[in-house]
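The values are calculated or read from the model by the stated rules, or taken from the named source; none is laboratory data. Computed from a prediction, not measured in an experiment: that's the story for all the values here. We place every Cβ from the backbone using ideal geometry, glycine too, and count neighbours over all the protein chains shown.
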Amino acid sequence: MNSVEIAMKMEQEAVDFYTQCAGKTKNPVGKQMFLSIAEDEKFHIACANKVIQGHEFKPAEVTPLSAMKKIFEENKETMLQRMASTADELDALGIAMKMERETIEFYKKAAAQATGTEEKAFFECLIRDEEEHYAIFNNTHAFLSDTGNWFMWEEHGIVEG
């Protein structure tokens, strides 16, 4: 199995996991987050098929962070409501971050070893998208774990005494 085929397998595993997480998440914004990232991973699979078939690779027009920003903007009221997160949701985010870190490392090695420009461009795009996925999961985990500090960090708040 070559690197692109391995990437397809990894991406499918991510689709399955994130879809499962969305089904178990009670928070509607969290559900949308997991489903949005699962769609990114489905796009990566389609791109991998194009690379395997020798077709031109084109990255997505919308980055994962910009898609997530739109989801959060559309659900601002829901985000402002304090919804208790479950240990399972926090565990899922932890697993997602671990998966993304491992995936990024594999894609960096694959990009360095890529033989063609399309394959190299494909892996470089995957690295960017997976790094954004990691940032989304990390930020969400921080938000759910400690909302007060998350708002201060995000707003660069200064506590004056």
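Is it the case, given these coordinates, that Lys76 is out of contact with any helix residue (DSSP H, G or I) (no Cβ under 6 Å at 6 or more places or on another chain) and at pLDDT below 80?
yes
Which pairs do you get when a residue that is closer than 16 Å to Ile136 by Cβ and without any contact (Cβ under 8 Å) to a residue 60 or more places away in the chain, found in the range 20-31, comes within reach of a residue that is surrounded by 19 or more Cβ atoms within 10 Å (Cβ to Cβ) and of a type in the set (Val, Ile, Thr), reach meaning Cβ atoms under 6 angstrom, with the pair 6+ apart or on two chains?
Hits for this filter: Lys31/Thr25.
Is it fair to say Ala67 is farther than 18 Å from Met97 by Cα and assigned to a helix (DSSP H, G or I)?
Values: farther than 18 Å from Met97 by Cα: yes; assigned to a helix (DSSP H, G or I): yes.
Criteria met by Ala67.
Filter the range 35-51 down to the residues that are touching a residue at least 40 places away in the same chain (Cβ under 8 Å) and surrounded by 16 or more Cβ atoms within 10 Å (Cβ to Cβ) and list them by number.
Residues of the range 35-51 touching a residue at least 40 places away in the same chain (Cβ under 8 Å): 37, 40, 44, 47-49, 51.
Within the range 35-51, Ile37, Asp40, His44, Cys47, Ala48, Val51 qualify.
Pairs needed: first member in the range 105-129, within 19 Å of Thr63 (Cβ to Cβ); second member anywhere, among the acidic types (Asp, Glu) and in a helix (DSSP H, G or I); C-beta distance under 9 Å; at least 6 residues apart or different chains.
Every condition considered, the pairs that remain are Tyr107/Glu124; Tyr107/Glu130; Ala111/Glu119; Ala111/Glu124; Leu126/Glu11; Asp129/Asp40; Asp129/Glu41.
Taking the condition among the hydroxyl-bearing types (Ser, Thr, Tyr), under 18 Å from Cys125 (Cβ atoms) and at pLDDT below 90, does Ser66 pass?
yes
Restricting the range 26-65 to residues that are under 16 Å from the mean Cα position of the chain (by Cα) and of a type in the set (S, T, N, Q), which is nearest to Tyr107 (Cα to Cα)?
Filtering first and then ranking leaves Thr63.
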